[in-house]
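In what follows, a structure is listed as C-alpha cells, so that the remarks can point back to it.
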Amino acid sequence: MPKRKDPPTEMSSESIAPGPRHSKLSESESTDTSDTAAAPESSDAAQKAKERAERWKVLKGRAKKSAEVNRKEVYAERRRQAVDPSETTRLNRKRDEAEFKLAKAEAEDDGEDFERKRAWDWTIEESERWDKRTEKKKKHVEDVAFQDYTQTARKIYKKQLRELQPDLESYAAEKAKLIRDGAIVETEDGELIAMDRDGEFYADANSLGFIDNKPSKGAVDRLVGDLKKAEDARMRRRKGGDEEDVTYINDKNKQFNQKLARYYNKYTGEIRDSFERGTMV
C-alpha cells in the first residue's frame, strides 16, 4: 500500500520570502550611512556660513567707521576753508602780544627785570640769533621805500642770492673727479689735499680754466628766465608811455593814484583841465 505523504508544513514568512527582508536591511543600513556622511557636511557648511557672517559683520563695521571718519574730515576741511588764514594769523599775533604784555606787567608788579627773566628760558646763542633776526626784519621793513637806484640794485641782488639754488650734485661730482685726477699737495701743516692742475675747480686770479667751462642747459634756461623776469618787471614800470604825467613817487603811490582816478576823474577832470589852461576862476 502506498505510503501516505505528510501534508506540507507551513513555512514562516521569513523562510518564504528572504529577498525582501535583505533588501529592507540594506536600505536601512544605506540610510544610516548617508545620514552619518551628511551630518559632517551640514556642520561644515554651517560653520563656513557662520564665519562668512562674522567677516561680513567686521567689514560692515569697518565701512561704517571709515564713513564716519571721512565725514568728520570733510566737516573739518569745510571749517578750515571758512576761516580766513590772514584773520587767524592776526588773532594769533594779537594773542601773543597780549601774553607778552601780561607777562611784562606781572614782572613789573613783582619788581623783577622782565628782559632778564625772559632771557632765562634761552641760551646765549639762541638769544643772539633772535636779536639778529629781529634787527634784520626791522631793517627790511624800513628798507621798503625807494631811496636810490644803488639801494634798489642791492635789494635785487640780495633777493637773487636768497632764491639761488646751487647744484650740489654737480659740485660733488666735480669734486670727486678732482680728488681722483688732481695733484696731491702737502700743506705746511702736513695735510694732504687735492689740487687741480688747470685751476678750473679752485680758480684764482691767474686761472684760465673757466674759459673751457660749458654750463648745463638747466643753468642757461635759469639765466634766460631771470633776464626775462627782470625785463617784464622793467616793462611793467614803464607801462603807460612817456606822455603820461608823473604824479607818483613810487609804484605803490602810482597804484593809489590810479585807483583814485578811476572813481574821481569824472568829477575832477574839468577842474584839472581848467588849471592846465589857466582859465580857472
* Structure fact -> Given the conditions (1) among the polar types (S, T, N, Q); (2) closer than 30 Å to K254 by Cα; (3) in the same structural domain as P215 (by the TED database), every one holds for S170 apart from (2)
* To do: Kindly indicate whether K138 is closer than 30 Å to I249 by Cα, open to solvent by 100 Å² or more (accessible area, probe 1.4 Å) and in a helix (DSSP H, G or I).
  => yes
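So which residues in the stretch 49-97 are basic (K, R) and open to solvent by less than 100 Å² (accessible area, probe 1.4 Å)?
First, pick out the residues of the stretch 49-97 that are basic (K, R): 50, 52, 55, 57, 60, 62, 64-65, 71-72, 78-80, 90, 93-95.
Answer for the stretch 49-97, where residues must be basic (K, R) and open to solvent by less than 100 Å² (accessible area, probe 1.4 Å): just R90.
The values are calculated or read from the model by the stated rules, or taken from the named source; none is laboratory data. Here the structure is a predicted model, which means the values were calculated and not measured. To get the accessible areas, we keep the full protein, side chains included, count just its heavy atoms, and leave off ligands, DNA and RNA. Shrake-Rupley method; radii C 1.70, N 1.55, O 1.52, S 1.80 Å.
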